[in-house]
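Take a look at the structure below.
The values are calculated or read from the model by the stated rules, or taken from the named source; none is laboratory data. If you're wondering where the values come from, they're calculated on a predicted model, not measured in any experiment. Because the Cβ atoms are built from the backbone with ideal geometry, glycine has one as well, and the counts that use them run over all protein chains shown.
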Amino acid sequence: MNFKHEYMADTIKELLKCSKSDCVVFFNKPLNCDEVGIYISALANQAVLCSSPYAYALWGFNPETQEAIGTDYSFNQETIVPFLSTNAVFTSQSIEYDGKNVVILEVQRAADTTIQYRGDEYILYKGRPVRLSSFQNMEKTIWDHLNTYDKFEDKPAMENVSLENVIKYLDCNKLFELINTPYPKSTMGVINTLLNLRFVKELNTGKYTITNLGALLLARRLSLFDTVRFKAVRVLKYDRLDITQPAHEQVGGKGYLVGFEGLIDYIMNSLPKYEVMDGALRKSVCDFPILSIRELVANAIIHQDLTMSGCPIVSIFPNRIEITNPGVPIIPVDRFIDNPPCSRNELLASAMRKCGICEERGSGYDKVVSFIEQYNLPAPQITVYENHTKVVLNAKKEFDKLTKDERILACYNHTCLNYVQNKITNNTSLRLRFHLDEKDRYKVSRVFADSNDLVKPKMGTGPKNREYLPFWVI
């Protein structure tokens, strides 16, 4: 029996113990696709009303005795999805239970807003779906619950999981390796750590809920968890500069903590390289600093909007690397370097910091810019779209080939970085940032002049010892 079937069989066993639940319905006859869609809406909204993470429908059981009698029923999910709200999450499985073929439909509780089918909201009333608008008190209660429910990270990814299966589905060995702690001698020692990190929650049945946070970070196989399976990082490698050309695609299959080092290795091995002579040896060199890549990929993971569809995407071109994540920043782009860090996914960010995947609070983007300067690369370009954020790192360019905007952005980032590090920004510091000679001072003076909207002269410094500060300081 595979993981999914084993999980569903355990779930059915638990459901039969509480068969009178308002979140479980039994059928002894097939439903057409519209009827299934209506029930999915009703079950998702009912789960909110009952404060339950899931609601279920079962076929192949006697509704009175709950004895398995078998069924050959099946339905096509693909014909239902287009008419459901985009935040509907459900899965169905046909499995063998007590020697009979049965079908289980698992519907996740509605998140953020109610679930509709063909534009209507439904709820269960005496086991049958009715329009929610007919029960205004229920409707108000549901919306009250939706507005106060847990964040995405705390929501369940898998419910009613045995202790043994928690350790089977989550890579706990990797967790203790990352937090530099000896692996506990007892299984309960492992579980206690998972509970403290909020990767799992304990149920009063003696079983556990694996949270979205636990699945996102530690899943041996993300595909086992319907709520996060499409959050895996995608890497697209293009052989040409044009994004319309075919790309080689690699999709991560493991949780972010488990697969992070492999992801970074894959990205670095996929980046363009050139050969140089090191004494008598020839070696390959990459234009991009690995620490900047690590931090930007970690930022894309941490700061993505987990409530939106989509995942972090790393696109590799011969002359640049683009890192895109769902969601827009919650602080202004021009204050990334100096602003105190703020994450919409604080549990996710905290866990990744504890495991050493990203830098300490407040130092991450500073270090990205610092290494970019050391490598003499153009400043990272950040573009905010309606629902996404993209960071572009361009390959090395000579100063004279940089555009005016690229020079201004590099000047502004250099000035901000020096300010937060208590260093002076002047003609000499920016000249060294661009790797220019003393004879090129006039070029740097022109960059400061072009950057006068973002970079201002410091009061009390004259033409010969002019120092500069970010605009937000003056």
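From the list 359, 373, which residue is of a type in the set (Asp, Glu) and either modelled with pLDDT of 90 or more or touching a strand residue (DSSP E or B) at 6+ places or on another chain (Cβ under 7 Å) (or both)? Full working, then the answer.
On the way: 359 fails: either modelled with pLDDT of 90 or more or touching a strand residue (DSSP E or B) at 6+ places or on another chain (Cβ under 7 Å) (or both).
Every option except 373 fails the conditions.
Residues that are in the same structural domain as residue 31 (by TED's automatic domain parsing) and in contact with a Gly (Cβ under 9 Å, 6 or more places away or on another chain): which strands (runs of 3 or more DSSP E) entirely in the range 56-141 hold 1 or more of them? Where strands (runs of 3 or more DSSP E) fall fully within the range 56-141 and carry at least 1 residues being in the same structural domain as residue 31 (by TED's automatic domain parsing) and in contact with a Gly (Cβ under 9 Å, 6 or more places away or on another chain), they are 90-97, 100-108. Inspection of the range 219-227 finds a residue satisfying the criterion of being among the acidic types (Asp, Glu) and touching a residue at least 40 places away in the same chain (Cβ under 8 Å).
Every listed requirement among (1) without any contact (Cβ under 8 Å) to a residue 12 or more places away in the chain; (2) among the β-branched types (Val, Ile, Thr); (3) assigned to a helix (DSSP H, G or I) is met by residue 383 save one, (3).
Residues in the range 86-128 that are touching a residue at least 60 places away in the same chain (Cβ under 8 Å), more than 34 Å from the chain's Cα centre (by Cα) and buried (at least 16 other Cβ atoms within 10 Å of the Cβ): 97, 102. Counting residues in the range 199-216 that are more than 25 Å from residue 14 (Cβ to Cβ) and surrounded by 15 or more Cβ atoms within 10 Å (Cβ to Cβ) gives zero.
Just name the residue that is surrounded by the most Cβ atoms within 10 Å (Cβ to Cβ) out of those in the range 172-186 that are touching a residue at least 24 places away in the same chain (Cβ under 8 Å) and either small (Gly, Ala, Ser) or under 21 Å from residue 221 (Cβ atoms) (or both). Among them, the one singled out is 175.
Do the conditions hold for residue 405, that is, is it surrounded by fewer than 17 Cβ atoms within 10 Å (Cβ to Cβ), within 35 Å of the chain's Cα centre (by Cα) and free of Cβ contacts under 8 Å to residues at least 12 places away in the same chain?
Numbers: surrounded by fewer than 17 Cβ atoms within 10 Å (Cβ to Cβ): yes; within 35 Å of the chain's Cα centre (by Cα): yes; free of Cβ contacts under 8 Å to residues at least 12 places away in the same chain: yes.
It is true that residue 405 is surrounded by fewer than 17 Cβ atoms within 10 Å (Cβ to Cβ), within 35 Å of the chain's Cα centre (by Cα) and free of Cβ contacts under 8 Å to residues at least 12 places away in the same chain.
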